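Accompanying notes for the structure given below.
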Amino acid sequence: PYTLGNNLADDIRTKSIPTDHPAFVAAENEVRERINKLMSIKGTESVESFHKRLGKIMWDKCGMARNEKGLKEAIEEIKALRKEFWSNVRIPGEVNEYNPELDKANRVADFLELGELMCMDALNRNESCGGHFREEYQTEDGEAERRDDEYMYVAAWEYKGESNFVLHKEDLNYEVVHPTQRSYK
């Protein structure tokens, strides 16, 4: 926090940034449309209930231990939950007032997308790695089975619209430290 002031000190002389640029106008319109869509739903279920239901799906099926069957189920459950959210969420209050429920609804809408993507990423990685254990990928001793020859990359997913993600891979090249099989025994 103390360094932030120094970092921004020179920007105090920056003139106001205009808000009439087409990119700004487009982004502002997208946000306004999303907020209006959320507020027009007038459903019966609270934002909190959707948040908790998503959390349970993630905890049960995309937690530290996971398997293909559970991940596939989670993806379908999240899709159904998202559909229900966008048709039955109830957000009390108004748009032009302090409305923490509206703020939370926007975040939960994003969490629904992120939860689905996390399950897809976990399903895509057919190995156990780090703290994430795929039950069908373990050694005879019950330890995490790594497959470095297939998964030595950073996964970056590009959002292309609802339930549409494209995987981009960036290879990892270890020069000093080399990954090894981990044992928790």
> Which condition number in (1) without any contact (Cβ under 8 Å) to a residue 40 or more places away in the chain; (2) more than 20 Å from the chain's Cα centre (by Cα); (3) open to solvent by 70 Å² or more (accessible area, probe 1.4 Å) is the one that Arg107 fails?
Replying inline: (2)
>> Checking the conditions here, which among Glu77, Glu30, Glu84 is among the acidic types (Asp, Glu), open to solvent by 60 Å² or more (accessible area, probe 1.4 Å), in contact with a helix residue (DSSP H, G or I) (Cβ under 8 Å, 6 or more places away or on another chain) and closer than 23 Å to Phe111 by Cβ?
In response: Glu77
>> Suppose we keep only residues that are loosely packed, with under 12 Cβ neighbours inside 10 Å and not acidic (Asp, Glu) within the range 87-97. Which one would you say is modelled with the lowest pLDDT?
In response: Asn96
>> Looking only at the range 46-59, filter to residues that are open to solvent by 50 Å² or more (accessible area, probe 1.4 Å) and out of contact with any helix residue (DSSP H, G or I) (no Cβ under 7 Å at 6 or more places or on another chain); which one of those is farthest from Lys104 (Cα to Cα)?
In response: Trp59
>> Being open to solvent by less than 90 Å² (accessible area, probe 1.4 Å), farther than 25 Å from Leu117 by Cβ, at pLDDT below 90 and outside any strand (DSSP E or B) is true for just one of Gly142, Gly161. Which residue is that?
In response: Gly142
>> Would you confirm, using the coordinates I've provided, whether Glu170 is over 26 Å from Lys69 (Cβ atoms) and touching a His at 6+ places or on another chain (Cβ under 8 Å)?
In response: no
>> When the residues of the range 33-45 are narrowed to those that are out of contact with any strand residue (DSSP E or B) (no Cβ under 9 Å at 6 or more places or on another chain) and either open to solvent by less than 50 Å² (accessible area, probe 1.4 Å) or not polar (S, T, N, Q) (or both), which ends up nearest to Gly115 (Cα to Cα)?
In response: Arg34
>> For a quick check of your reading: which helices (runs of 4 or more DSSP H) sit entirely within the range 4-96 and have at least 3 residues that are more than 30 Å from Phe133 (Cα to Cα)?
In response: 22-40, 68-88
>> Against the condition touching a residue at least 24 places away in the same chain (Cβ under 8 Å), closer than 24 Å to Lys169 by Cβ and buried (at least 17 other Cβ atoms within 10 Å of the Cβ), how does Cys119 come out, does it pass?
In response: yes
>> Checking the condition on the phi > 0 side of the Ramachandran plot and at pLDDT 95 or above, which residue from Lys72, Lys42, Lys61, Lys52 passes?
In response: Lys42
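The values are calculated or read from the model by the stated rules, or taken from the named source; none is laboratory data. Please read these numbers as outputs of a predicted model, since none were measured by experiment. Cβ: placed from backbone, ideal geometry, glycine included. Neighbour counts: every protein chain shown. Areas reflect the complete protein model, heavy atoms only, side chains present, ligands, DNA and RNA absent. Shrake-Rupley method; radii C 1.70, N 1.55, O 1.52, S 1.80 Å.
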